[in-house]
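First comes the structure, then the notes that go with it.
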Amino acid sequence: MHRLNAWLRRHPMVVDSAWALLVLMLGVLAAVESTGLPDAPMPSWKHYTGVAVACALPALMVVRRRWPDATTAAAVAIGLGQVALRVDPGASSVAFLVFGYTGAAFGRAWTSRLALVASLAAGPLTLWRLTPAEQRGDGYKAVFLAALMTTPFVLCWAWGRLTRVRRAYLVELEDRASRLERERDAQAQVAVAAERARIARELHDVVAHNVSVMIVQADGAAYVLDSSPQQAKEALGTIASTGRQALAEMRRLLGVLRTADTAGEYVPQPGVEELPELLEQVRTAGLPVEFTATGEVRELPRGLELTVYRIVQEALTNVRKHGGPNARAKVAVDFRDGDLEVLVEDDGRGSTREQLSGGTDGLGHGLIGMRERVGMVSGSLDVGPRPGGGFRIRAVLPLKATQ
């Protein structure tokens with residue numbers, strides 16, 4: 001039944017043809033019956049006109065959905081001609097109800113208005129022209145009969161109007177569903193792009209920091225391998241621990257691409273509490289770093305803690321890469337009432353084009369990623385040369401906006 005119903009919806013002319021055939025059979029049978037009676041008069045021009053009407057209306061019914069305006073106008077013209085010529089309505093006149101529905105459901109605005117006017121006038125015109133005076137009566141009886149004869153036409157017009165409104169509502173729902181689906185796909189693409197950018201920033205921070213530490217330690221181990229084997233051994237140990245730390249962080253980052261069952265195997269993202277370990281690692285790599293924390297130290301949201309950690313990590317990585325052999329760095333974290341200030345300064349050789357662009361090896365992800373992190377928490381970032389030489393990175397992160 002479902003397939004049959006779907007097929008009939010795709011082929012409405014088949015349904016209309018079936019109803020038209022039924023109306024045609026009723027009209028023809030009524031005409032034959034009226035002329036086949038023993039006491040029936042000889043057929044007149046009105047009889048043949050009625051037969052023509054009985055054949056024309058079903059023909060219009062077949063194509064009413066393809067050309068609703070033309071078929072409705074033709075049906076109204078046929079009805080007016082039938083009333084003007086005083087041709088008695090037959091069984092096929094039920095088709096006029098169909099065209100009242102058609103004009104309201106499928107026609108243009110003027111066709112719908114024409115169908116409404118014709119529906120309202122059908123009862124009075126039929127009563128006035130085609131009903132004998134002794135049957136229609138006078139006064140209230142005539143008004144009642146006219147209203148009674150008009151009611152089916154008006155109901156069919158109202159049914160067609162409701163069908164039009166319902167069809168427009170369904171079209172609007174389909175359009176809305178399609179629009180929401182497109183918006184959902186667009187949001188999914190934006191989310192994927194944002195996640196890829198986040199993973200790229202995280203991987204850059206991990207690789208740029210840990211690999212630079214490993215390179216410095218490897219160079220130092222190679223330099224003192226013959227003269228001081230113990231220092232070379234310590235440097236190799238630092239390389240091994242740094243490599244394991246980098247591997248653990250990369251596994252944690254790539255864990256977001258795996259299933260939820262395996263995501264719990266990875267360690268939490270680093271935060272402010274891991275800063276001493278980071279600074280000790282940097283000092284071990286040969287960069288002297290001073291650290292101060294002022295204000296009331298308090299717990300921060302995990303997203304803000306990660307931002308602070310990555311800013312310090314990237315800033316110290318840049319100092320090692322671009323500050324020169326004798327550079328020293330200072331890291332200051334100031335907990336204030338409404339915001340948190342992170343300040344990283346060095347006394348190295350100052351800013352270079354490579355440092356401001358984030359480094360050619362990082363393809364510009366250094367300071368760019370730092371700006372994106374600060375922007376995600378509605379903070380501000382100031383980078384540039386430090387008065388008196390060296391380089392300075394200052395980030396102000398609001399605390400209330402992140403709570």
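Remarks
- Residues of the stretch 126-162 classified as modelled with pLDDT under 90, surrounded by fewer than 19 Cβ atoms within 10 Å (Cβ to Cβ) and not basic (Lys, Arg), total: 18
- From 264, 295, 255, residue being surrounded by fewer than 17 Cβ atoms within 10 Å (Cβ to Cβ), touching a Phe, Trp or Tyr at 6+ places or on another chain (Cβ under 6 Å) and modelled with pLDDT under 80: 255
- Some residue of the stretch 84-107 being open to solvent by 30 Å² or more (accessible area, probe 1.4 Å), without any contact (Cβ under 8 Å) to a residue 40 or more places away in the chain and within 23 Å of residue 51 (Cβ to Cβ): yes
- Residues in the stretch 87-107 that are charged (D, E, K, R) and touching a helix residue (DSSP H, G or I) at 6+ places or on another chain (Cβ under 6 Å): there are none.
- Search result, residues across the stretch 345-370 that are at pLDDT 80 or above and either surrounded by fewer than 24 Cβ atoms within 10 Å (Cβ to Cβ) or assigned to a helix (DSSP H, G or I) (or both): 345, 347, 370
- Residue 187 modelled with pLDDT under 75, open to solvent by 20 Å² or more (accessible area, probe 1.4 Å) and of a type in the set (S, T, N, Q): no
- Residues located in the stretch 267-292, provided they are surrounded by 14 or more Cβ atoms within 10 Å (Cβ to Cβ), over 18 Å from residue 213 (Cα atoms) and more than 43 Å from the chain's Cα centre (by Cα): 291
- Residues located in the stretch 57-79, provided they are over 22 Å from residue 158 (Cβ atoms) and either of a type in the set (Val, Ile, Thr) or over 51 Å from the mean Cα position of the chain (by Cα) (or both): 62, 63, 78
- Top-ranked residue in the stretch 371-389 [being assigned to a loop (DSSP other than H, G, I, E, B) and closer than 18 Å to residue 399 by Cβ; ranked as modelled with the highest pLDDT]: 379
- Residue in the stretch 47-73 that is surrounded by the most Cβ atoms within 10 Å (Cβ to Cβ), counting only those that are part of a helix (DSSP H, G or I) and of a type in the set (Val, Ile, Thr): 72
The values are calculated or read from the model by the stated rules, or taken from the named source; none is laboratory data. Nothing here was measured: the structure is a model prediction, and the numbers come from that model. Every residue, glycine among them, receives a Cβ derived from its backbone with ideal geometry; neighbour counts consider all protein chains shown. Please note that ligands, DNA and RNA were not included when accessible areas were found on the heavy atoms of the full protein model with its side chains. Shrake-Rupley method; radii C 1.70, N 1.55, O 1.52, S 1.80 Å.
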